[in-house]
1. Quick check on this structure: which one of 86, 77 is surrounded by 15 or more Cβ atoms within 10 Å (Cβ to Cβ), under 18 Å from residue 118 (Cα atoms) and at pLDDT 85 or above?
2. Give me the helices (runs of 4 or more DSSP H) completely within region 46-101, filtered to those with at least 1 residues that are in the same structural domain as residue 125 (by TED's automatic domain parsing) and over 24 Å from the mean Cα position of the chain (by Cα), ordered by residue number.
3. Yes or no: region 9-28 includes at least one residue that is at pLDDT below 85 and within 18 Å of the chain's Cα centre (by Cα).
C-alpha cells in the first residue's frame with residue numbers, strides 16, 4: 001500500500017476514534033449526575049407516596065369528601081394524573097430492568113431523557129396532591 005494512502009487512512013481512523021471518544025466523554029459527563037438525580041427521584045416519590053397516603057386516610061374517614069367539597073376536578077388532576085405518571089415511570093424502569101443487559105443499557109436509557117422528563121412532571125403532580133391534602137384537611 002502507498003505510504004500516503006496508509007497515512008491518510010490512519011488519520012481518518014484517528015479522526016473517527018476522536019469523534020467517538022468525545023461522544024463517550026460527553027455521555028459519561030452527562031451520566032455523572034445520575035446518582036444525585038436518582039436520589040431526587042427517590043425523595044420525590046417518597047413525598048408523592050406520603051401525600052397519596054394522606055389522601056387515602058382522609059377518604060377512609062370520609063368517603064364522600066371529594067364530592068361534598070367539590071374537589072372532583074382536583075382529585076382527577078392530582079390523584080388520577082399522578083397514577084398515570086407513576087405508571088409511566090414504573091413502565092420505564094420495568095423496561096430497563098426487564099432486559100438481561102440492563103447494566104449496559106443504563107447509560108443509553110438514562111441519557112435518552114425520558115426518565116428526566118417524567119421526573120420533571122412529577123413536581124407538578126406533587127403540588128396538586130398537596131393542594132388536595134390541604135383541602136381535605138379543612
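The values are calculated or read from the model by the stated rules, or taken from the named source; none is laboratory data. Remember, it's a predicted structure, so these values are computed and weren't measured experimentally. Cβ sites come from the backbone with ideal geometry, for glycine too, and all protein chains shown count toward neighbours.
1. Within the list 86, 77, the selection yields 86.
2. 65-68, 72-75
3. Yes: region 9-28 contains one or more residues that are at pLDDT below 85 and within 18 Å of the chain's Cα centre (by Cα).
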